[in-house]
Amino acid sequence: MSQETYSDRDRSFALAKRAHDLIRDYGPSATPRAYAVWYAYVSGELPLLGDAVKRLTTQKGCLTDAAIDDLHETYLDGRQLTSATGDISRGMLDEIAAVTEILDLSLGSTAQYGEALRGLAQDLAQEGLPTRARLGEIVSTLVSTTREVVVNNRVLEARMRETRSEIETLREKLEASRLESLTDALTGLSNRKHFEETLKASVEAARLGAAPMSLIVLDIDFFKRFNDLYGHLTGDQVLRLVAIVMRENAGKQALLARFGGEEFGIVLPGADRAVARQVADTVRASVMGRELVKRSTGESLGKVTVSLGIAVLHASDSPASLLERADLCMFAAKRAGRNRVVDDAADSLSQVA
């Protein structure tokens, strides 16, 4: 065994031990996802992941299972999608090369057919009026050459159909990969990347069209308690429940996203404060009206509640300032006792300050 291989192995063991120590110090459980996140962190191969881990541990003192999921989906699953997109791109290039080859063959076949016709025309011009025997030879040559062209064209047509089918399959896979890269795997809502892109586009569209726009930020109350008392799978069930309620009540024009562990966003193009308030109140009441049941035992786990903050777009707003104001309103709802909606109107904030 070479010294280099031995050193690589030692480094892997050292990284694994360091990841294990960090899971013990900063994480509630040692899931495979937690190990993958912490191993990637200590390896230093993903600087953006490292920055996110440092920020979360500084703010909260630990990485919850929900935070681990969010980090894994954002920084590690994305690498798999990049690989898949690369495979699709290579496949698309192969199919383009195949189409080029087919076109070359088709042009070559057509050129040969044209050359044969020109040769016969020159022979006729030189020979003058052909004899019956010569005319028979010419017709025979034309028939033979035409048959070859027909056969070649049929083969090329079949190959073209196969290539077109392959390209369509690759296009569908590419679209699926694109959608997957913008989707939160657990809830099926948009992920943080898509949320930020849509929020920016919605702010720009509202400003250009002089139209209203609102943003709702939603956070699940006492979410950590569900994970601690009932386990990670039940926590996932809570997240899916909230996502379902949002889909049912936010309206067709809304963009729904999970952009943090237990934090969600609802972008409402064209919605003023009254409309946004109605959506937020409906979502809050609907979540509270659902009873959470443990699937494995049928045991009732009680009610889930959420706190919501609403920010209405101002002329001077950027996407970041709009999100920050909605976030502040959500935290104001938490301070006021949770399970409520607070918007950025002065009177609403003053009641919970």
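Note on Ser318 and Arg338: the model spin-label points, each 7 Å out from Cα along the C-beta direction, lie 3.4 nm apart.
Count charges around Arg338 for me, please; just the other residues with Cβ under 11 Å from its Cβ, Lys/Arg as +1, Asp/Glu as -1. Summing Lys and Arg as +1 and Asp and Glu as -1 gives +2.
Straight-distance candidates among the lysines for linking to Lys252, with alpha-carbon spacing under 29 Å and chain neighbours fewer than 8 residues away dropped: Lys173, Lys193, Lys200, Lys303, Lys334. Taking the Cα centre of region 233-294 as origin and assigning +1 to Lys and Arg Cβ atoms and -1 to Asp and Glu Cβ atoms, the resulting dipole is close to 100 debye.
Placing R0 at 51 angstrom, the Cβ-Cβ distance between Glu291 and Glu162 gives a FRET efficiency of 0.40 after rounding to 0.05.
Modelled label positions at Phe331 and Gln253, each set 7 Å beyond Cα in the direction of Cβ, lie 3.1 nm from each other.
Distant-in-sequence amide contacts of Thr183, defined by a placed amide H-H separation under 5 Å and a gap of 5 or more residues or a different chain, comprise Asn191. What FRET efficiency comes out for Arg55 versus Val275 if R0 is 35 angstrom and r is the Cβ-Cβ distance? Round to the nearest 0.05. Efficiency, from the Cβ-Cβ distance: 0.55. Computed from the C-beta positions of Glu197 and Ser144 and an R0 of 35 Å, the FRET efficiency is 0.05 to the nearest 0.05. Close amide H partners of Thr305, meaning residues 5 or more places away or on another chain with modelled amide H under 5 Å apart, are Asp221. Once the chain from Thr305 to Ala185 is taken as fully extended at 0.36 nm per residue, the excess over their C-alpha distance is 40.9 nm. The fraction of Cα-Cα pairs per 10 angstrom bin, counted from 0 for region 211-269, comes to 22, 48, 22, 7, 1 percent, rounded to whole percents.
Only Cα pairs under 8 Å and 6+ residues apart enter the sum, and on that basis the relative contact order of region 232-310 stands at 24 percent.
Where a number appears in this text, it was derived from the coordinates with a stated rule and is not lab data. In this text, all values refer to a predicted model and were calculated from it rather than measured experimentally. All Cβ positions, even for glycine, are placed from backbone atoms using ideal geometry, and neighbour counts span all protein chains on display.
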